[in-house]
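Written below as structure tokens is the structure these notes are about.
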Amino acid sequence: MFKGAFSIWGRDMLVLKRSIISELVSVVAYPLTLYLAFGFGLKGYITDVNGVPYPLFIAPGLISMTAVNAAFDESSWSMWFHRKVQRTIEEYRVTPVTVYDIVIGKIFSGFSQGAVKGTVVFLVILFLTPFRIDYANLPMYLLCIALSSMTFSCLGTICGTVIDKPENIGRVQSVIIVPLIFMAGIFFPLSSYPASILPLIQLLPTTAVFEGARDALLTGTIPTHYLVNLVLSAAFCFAVAVYTFNRKMAE
Amino acid sequence: MNHAITLHEITKSYDGFTAVDAFSLEVERGTVFGLLGPNGAGKTTLIKILTTLMRPTLGDAFVEGHSVLTAGKEVRRLIGVVPQENNLDRYLTARENLVLHARLHGMRPAAYNPRIDQLLEMTGLAARQHDFPDTYSGGMQRRLVVARALVHEPRVLFLDEPTTGLDPQSRRSLWDHIRGLRRSMTVFLTTHYMDEADALCDRIMIMDHGTCLADGTAAQLKDAFSRAHTYQVEFRRDADRYQGVLAGLSFVKGVEREGSLFQITLADEESIKPLMDHLCGSDIRRICLKEPSLEDVFISLTGEKVRE
Ligand SMILES: Nc1ncnc2c1ncn2[C@@H]1O[C@H](COP(=O)(O)OP(=O)(O)OP(=O)(O)O)[C@@H](O)[C@H]1O
Ligand SMILES: [Mg+2]
């Protein structure tokens, strides 16, 4: 069962391993820049947010952002590339593996990329800055990141499956993914929103990702509604991704 | 059950346009079957249906008795596929490409490693097995795709234009491989090269617009379409006079002239005798029967116009 998915995931990890250094340099550069620019640049202006020092306030979000971005990136581009450019999906499809093997292998590849890259950014922030956490809170935080990477990997897979033109994947990223991430309060507390739209913002899956991750890392607990949101989003996106891929392949 | 491949009234339409039209076919096990047809005839569509990449709009097809509609996984276990366009993984080395394929077929390293060594040797790629396919020539990539299709020792091999873009040496060496596979597996190939079909195939089918136009061995096809008996006659002298004579003969269906060389198409086999009566033996330098080539058969069936 799912041996095929495991083989496809293994292929993606082998390829990742080959280019890991250059991948990591580029993936660490962005959140680290944001961390230094906002965390230190603005430190004199924003001392703390709800009692949390500003660099500590944004760090968990930056790590989560790296993980979910990497998961989305890998899943969408990889699916598109293997489907439209290399046509390796066709090669997989003439072997006894099923379409479920293929889509699940690909979703887990995106998830793994998110996990690896998020971990590295976490370690880098830990080494280079005075950012410190209580390690007892780590498992809860990791659960949160894992669920959200799963969601974004599935979203990426859906995009890579239904979108044929590469520029449209870029558009989805800049019009949907980036605003979702920034609106969810990585850099500012949700209490900055007018009370009228706050409930809507709180329903966004990304809010659950970033607020949940921050609460998990700083306090060790996730508010239940965020956890439920994360689990449901991941399960829903997984089902939609598998269904979409299956449909596309049956065309 | 002696048929490796059975197509039963297969129809495939792309919103309104019918690419394959109620196509039926049975291919005997252990033979090399060649499908010929101009661009857009529907060859690739048929291969995609048989390899479970595409579902037919109507009808069903069976590979070694397994339906492509309901037993796709069993079908895929038994087939090897060389698609029209190479689909190698350019981020994996040649050997890794073969290993991944073996793993997707559920093979274990102890089984696939010796097999891969053997195939790399056979295709002459052993020395370059740790290079990426991007650094290969077109012919080497093609051979790697063929090797990949053979890793799991399929019972039915589908080759969609396997030798397009290969130099004469590579083509011939690939033909030798394919001949070596005959009997141990069934080979279903498409090609645009008549000499290839002639040299390789036990049975040839010519199709166009999604339907079959002719079917048989190369010899049978040539025979069936040599009804128009064409002779080449070269005259020593009086070519102009003979042109007039030929024009007046009722059993001469066509005359094409190039200097003193005439191509004379006769109504039937018996007409050669009266023709000779009208020609003076000492005026003839050379006379010979023009054998139809498979290409003549193909052109006469599918027309001379280029497809858009
Ligand atoms: N995805 C598609 N959507 C619409 N029409 C298609 C599609 N794929 C193929 N066709 C049409 O179906 C017909 C048969 O195509 P097919 O690829 O089977 O031809 P072929 O015989 O393999 O040709 P070639 O020798 O050029 O490879 C063509 O007219 C083509 O335009
Ligand atoms: Mg074709």
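The values are calculated or read from the model by the stated rules, or taken from the named source; none is laboratory data. This one's a predicted model, so the numbers in the text were calculated from it and none came from an experiment. No Cβ is skipped: glycine too gets one built from the backbone with ideal geometry, and neighbour counts run over all protein chains shown. In case anyone asks, the SASA skips ligands and DNA or RNA and just uses the protein heavy atoms, side chains included. Shrake-Rupley method; radii C 1.70, N 1.55, O 1.52, S 1.80 Å.
Specify which of the listed residues (B:L181, B:L144, B:L159, B:L150) is in contact (Cβ under 8 Å) with a residue 12 or more places away in the chain and more than 30 Å from A:W80 (Cα to Cα).
None of the other options fit; the residue is B:L181.
Do we find a residue being touching a strand residue (DSSP E or B) at 6+ places or on another chain (Cβ under 8 Å), crowded, with 22+ Cβ neighbours inside 10 Å and away from chain B (no Cβ under 14 Å) anywhere in the stretch A:88-95?
no
On the basis of being touching a strand residue (DSSP E or B) at 6+ places or on another chain (Cβ under 6 Å), within 11 Å of chain A (Cβ to nearest Cβ), in contact (Cβ under 8 Å) with a residue 40 or more places away in the chain and within 15 Å of ligand 1 (Cβ to nearest atom), does B:P83 make the cut?
Answer is yes for this residue.
Please find, among B:D117, B:D134, the residue that is surrounded by fewer than 21 Cβ atoms within 10 Å (Cβ to Cβ), in contact (Cβ under 8 Å) with a residue 40 or more places away in the chain and outside any loop (DSSP other than H, G, I, E, B).
B:D134
Restricting attention to strands (runs of 3 or more DSSP E) lying wholly within the stretch B:18-83, give those where 3 or more residues are open to solvent by 20 Å² or more (accessible area, probe 1.4 Å) and more than 13 Å from ligand 2 (Cβ to nearest atom).
B:58-63
Which of the residues spanning the stretch B:105-117 are within 29 Å of the chain's Cα centre (by Cα) and within 9 Å of another protein chain (Cβ to nearest Cβ)?
B:H105
Name the residue, out of B:R143, B:R171, that is in contact with a Gly (Cβ under 8 Å, 6 or more places away or on another chain) and away from ligand 1 (no atom under 16 Å from the Cβ). Don't jump to the end; show me each part of the working.
Values: B:R171 fails: in contact with a Gly (Cβ under 8 Å, 6 or more places away or on another chain).
Exactly one residue qualifies, and that residue is B:R143.
Can you tell me which residue in the stretch B:268-286 is surrounded by the fewest Cβ atoms within 10 Å (Cβ to Cβ), limited to those that are of a type in the set (G, A, S) and touching a residue at least 24 places away in the same chain (Cβ under 8 Å)?
Here the answer is B:S282.
Residue check: is B:R90 assigned to a loop (DSSP other than H, G, I, E, B) and either within 7 Å of chain A (Cβ to nearest Cβ) or in contact (Cβ under 8 Å) with a residue 12 or more places away in the chain (or both)?
Yes.
Taking the stretch B:13-46 as the region of interest, how many residues are of a type outside the set (F, W, Y), within 8 Å of ligand 1 (Cβ to nearest atom) and farther than 17 Å from B:A197 by Cα? Talk me through it step by step, then tell me what you get.
Pass one, the stretch B:13-46, residues of a type outside the set (F, W, Y): B:13, B:15-16, B:18-22, B:24-32, B:34-46.
Subsequent filtering for residues that are within 8 Å of ligand 1 (Cβ to nearest atom) retains B:15, B:19-20, B:37-46.
Imposing the further condition that a residue be farther than 17 Å from B:A197 by Cα reduces the set to B:15, B:19-20, B:40, B:42, B:45-46.
Matching residues across the stretch B:13-46 total 7.
Looking at (1) in contact with an Asp or Glu (Cβ under 9 Å, 6 or more places away or on another chain); (2) within 30 Å of B:L50 (Cβ to Cβ); (3) away from every other protein chain (no Cβ under 14 Å), which is the only condition A:S78 fails?
Of (1) in contact with an Asp or Glu (Cβ under 9 Å, 6 or more places away or on another chain); (2) within 30 Å of B:L50 (Cβ to Cβ); (3) away from every other protein chain (no Cβ under 14 Å), only one is false for A:S78: (3).
Please specify each residue of the stretch A:5-43 satisfying the condition of being in contact with a Leu (Cβ under 6 Å, 6 or more places away or on another chain) and within 12 Å of chain B (Cβ to nearest Cβ).
A:S7, A:R11, listed by residue number.
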